[in-house]
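First up is the structure itself, then whatever we jot down about it.
The values are calculated or read from the model by the stated rules, or taken from the named source; none is laboratory data. Because the structure is predicted, anything quoted here is derived from the model rather than measured. Counting neighbours? That spans all protein chains shown, and the Cβs are built from the backbone with ideal geometry, glycine included. Just so you know, the surface numbers come from the protein's heavy atoms only, side chains and all, with ligands and any DNA or RNA stripped out. Shrake-Rupley method; radii C 1.70, N 1.55, O 1.52, S 1.80 Å.
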Amino acid sequence: MQQRRERRPGGTTAATNDSAAFASMPTVTMMVGGIDKQIYLPYQLAAGLGYYTKYGVNMVLSTEESGGVGAEDAVAFGQVDMAGAWYVHTIDFQQAGKDVISIAQLSGAPGEREMCATGSNVKSAADWAGKTVGVTDLGSGTDDLTLYMASKAGVTSQQFHRQGVGAGSTLIAALQHKTIVCGMTTQPTVAALESKGVAYSAIDLASTAGATKALGGPFPSAAVLVQKSWLDANKATAQKVVDALVATMHYIATHSAADIADHLPPGFVSNSLVTKADYIKALDADKGQFLPDGMMPANGPETVLAVEKGAGNIKKAIDLPSTYTNDLVIAANKLEGYTK
């Protein structure tokens with residue numbers, strides 16, 4: 001939760017008026033699918049910049065835990081109001097009869113890189129035949145992307161093996177011990193692998209341009225997901241959250257990686273996996289994944305649907321226009337006077 005208390009000259013606390021204003025704000029709960037991951041940094045950055053409070057909402061952020069309920073499931077089953085999770089889940093839930101939609105799109109790429117063991121000489125998915133490739137979990141978004149890229153390269157799911165290796169230290173260990181030849185992961189794990197000399201980036205899915213090259217189009221990933229029924233009952237509150245996040249996306253587009261890192265919790269940018277300098281370097285390299293206006297990229301939903309079909313996950317006809325709305329984002333950009 002954001003903190004509003006400030007110290008004024010003389011040591012008094014600016015709490016009376018601010019506390020009253022804060023108490024009158026609507027409270028929103030959001031679970032993020034790994035809040036310390038660089039691909040999901042806008043949700044926490046908005047708090048660090050004070051934007052949730054600025055736009056009139058008391059945001060309570062949480063993160064999904066390994067082995068726990070996923071952020072997308074938490075919102076679908078009403079445990080939280082919003083989820084910071086991939087857009088693709090809206091398609092998954094539509095097939096399951098649940099109306100979960102994206103109300104703001106924060107990235108146009110998965111933010112992932114295919115990291116391959118040093119000396120492996122893997123250059124593309126075509127080189128995976130006969131090898132074991134790491135994904136977060138079988139059936140996860142990284143698994144779907146892996147299957148799709150292999151299929152595009154002419155490698156069937158029977159011609160290579162996929163292994164769930166998690167993220168962070170477990171993925172690093174799998175590459176170090178040669179359990180896998182490649183693994184799909186995000187920053188700051190990418191920076192840790194490169195600094196240790198364990199692996200190199202063979203396929204770039206960390207920028208919109210990289211995703212377009214590898215997947216055939218922009219791949220909208222990090223989004224704000226809500227139940228349609230919650231949105232219908234809380235449009236004014238939802239607008240405040242989108243206003244805050246659209247302002248955050250413009251901040252990312254107009255500020256350096258170092259500026260951004262300074263507004264994130266210290267433990268996010270400097271920890272056992274990465275130094276702050278490496279975190280900033282990695283963010284500078286992969287900042288192109290973030291969308292400056294929060295709008296759904298043209299043809300982005302079609303790319304995601306194609307990946308899902310390629311992974312064998314689509315069993316019913318999908319109504320793509322009902323999986324997202326740009327209405328709140330358009331209003332947020334208009335409020336700030338932003339133009340694309």
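Summary of the geometry: region 158-201 and region 109-149, compared by the centres of their Cα atoms, lie 9 Å apart. Values of log10 I(q)/I(0) for region 135-184 across q = 0.22, 0.24, 0.29 Å⁻¹ run -0.76, -0.88, -1.11, by the Debye formula with one identical scatterer at each alpha carbon and no solvent.
Across region 102-244, Cα pairs under 8 Å and at least six residues apart give a relative contact order of 41 percent.
Which distance in Å, rounded to a whole number, links the C-alpha centroids of region 64-96 and region 260-292? Each part's Cα centre sits 25 Å from the other's. Summary value for region 155-233: 15 percent relative contact order, contacts being C-alpha pairs under 8 angstrom separated by 6+ residues. Across the chain, C-alpha contacts under 8 Å between residues 6 or more apart give a mean separation that, scaled by the residue count, equals a relative contact order of 25 percent. Between Phe77 and Ala253, what FRET efficiency follows from the Cβ-Cβ distance if R0 is 35 Å, with the result rounded to 0.05? Calculated value: 0.55. When the pairs Lys37/Lys287; Lys98/Lys316; Lys235/Lys334; Lys178/Lys213 are compared against a 24 Å limit on Cα-Cα distance, Lys178/Lys213 fall above it. Normalised per residue, the accessible area of region 233-292 is 41 Å², obtained with a 1.4 Å probe and no contribution from ligands, DNA or RNA. For region 180-263, the C-alpha radius of gyration divided by 2.2 N^0.38 Å, with N the number of residues, is 1.47. How high is the FRET efficiency from Ile314 to Thr170, r the C-beta distance, R0 35 Å, rounded to 0.05? The value I calculate is 0.70. The slack between Ser272 and Ser140, meaning 0.36 nm per residue of separation minus the straight C-alpha distance, is 45.0 nm. Which of Ala214, Ala236, Ala244 ends up with the largest GNM mean-square fluctuation for the chain, with Cα atoms connected below 10 Å? Top of the fluctuation ranking is Ala236. In this rough spin-label picture, where each label sits 7 Å from Cα along the Cβ direction, the Ala129-Asp284 distance is 4.1 nm.
From the Cα gyration tensor of region 268-340, with a ≥ b ≥ c the square roots of its eigenvalues, which class applies: rounded if a/c is under 1.5, or else prolate if a/b is larger than b/c, or else oblate? Oblate, because a/c is 1.5 or more while a/b does not exceed b/c. Each label was represented as a point 7 Å from its Cα along the Cα-to-Cβ direction; for Val60 and Thr339 these points are 4.2 nm apart. Would region 195-340 count as rounded, prolate or oblate if I go by the C-alpha gyration tensor, calling it rounded below 1.5 in a/c and otherwise prolate when a/b exceeds b/c, oblate otherwise? Since a/c reaches 1.5 but b/c is at least a/b, the shape of region 195-340 is classed as oblate.
Ile260 sits among other residues whose Cβ lies under 11 Å from its own Cβ, and their net charge, with Lys and Arg +1 and Asp and Glu -1, is -2. Solvent-accessible area of the chain (1.4 angstrom probe, protein heavy atoms only): carbon and sulfur portion equals 51 percent. Summarising the label geometry, the points placed 7 Å from Cα in the beta-carbon direction at His161 and Val69 lie 3.6 nm from one another. Calculated mean residue ellipticity at 222 nm for the chain: -11500 deg cm²/dmol, from DSSP H runs with n ≥ 4 weighted as -39500 (n - 2.57), summed, divided by the residue count and rounded to 500.
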